[in-house]
Amino acid sequence: METKANGSMDIKSTVENGELPDPAQWAVADVVNYFKATGFEEQANAFQDQEIDGKSLLLMTRNDVLTGLSIKLGPALKIYEYHVKPLQTQHLKTNVS
């Protein structure tokens, strides 16, 4: 995976290839690009506004996503259930000693 000049990774191409780097290493721009690449263009800006990087994303609870990002309930539920929660699970599985 290539790192861009601004320090972020090329998340869009990795989402398309099905290979995701460890979210704990993502910059805010990577989180935003991930959600844009997964079809949440409008909602991705909320992660930018709240300065959510990969480590912050991995710490988010369902309530954080539903109420802390000021996005509509439907997309917020999908973002948490289909993206945040699986990323947290993947991170835990790959980082258990």
Is there any pair linking a residue in the stretch 13-28 that is within 14 Å of residue 92 (Cα to Cα) to one that is modelled with pLDDT under 70 and part of a loop (DSSP other than H, G, I, E, B), with Cβ under 8 Å and at least six apart or on different chains, and which?
21/1
Filtering the stretch 20-33 down to residues that are open to solvent by less than 20 Å² (accessible area, probe 1.4 Å) and within 18 Å of residue 78 (Cβ to Cβ), which residue is modelled with the lowest pLDDT?
23
Kindly indicate whether any position in the stretch 34-53 is acidic (Asp, Glu), at pLDDT below 95 and assigned to a loop (DSSP other than H, G, I, E, B).
no
Checked the stretch 40-91 for anything touching a helix residue (DSSP H, G or I) at 6+ places or on another chain (Cβ under 9 Å) and β-branched (Val, Ile, Thr); matches are 52, 61, 65, 67, 71, 79, 84
Taking the stretch 35-52 and keeping residues touching a residue at least 40 places away in the same chain (Cβ under 8 Å) and either in contact with a Gly (Cβ under 7 Å, 6 or more places away or on another chain) or of a type outside the set (A, V, I, L, M, F, W, C) (or both) leaves 38
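The values are calculated or read from the model by the stated rules, or taken from the named source; none is laboratory data. Bear in mind the structure is a predicted one, so any value in this text is a computation, not a measurement. Note that each Cβ is placed from the backbone with ideal geometry, even for glycine, and that neighbours are counted across all protein chains shown. Calculation scope for accessible area: heavy atoms of the full protein, side chains included, ligands and nucleic acids excluded. Shrake-Rupley method; radii C 1.70, N 1.55, O 1.52, S 1.80 Å.
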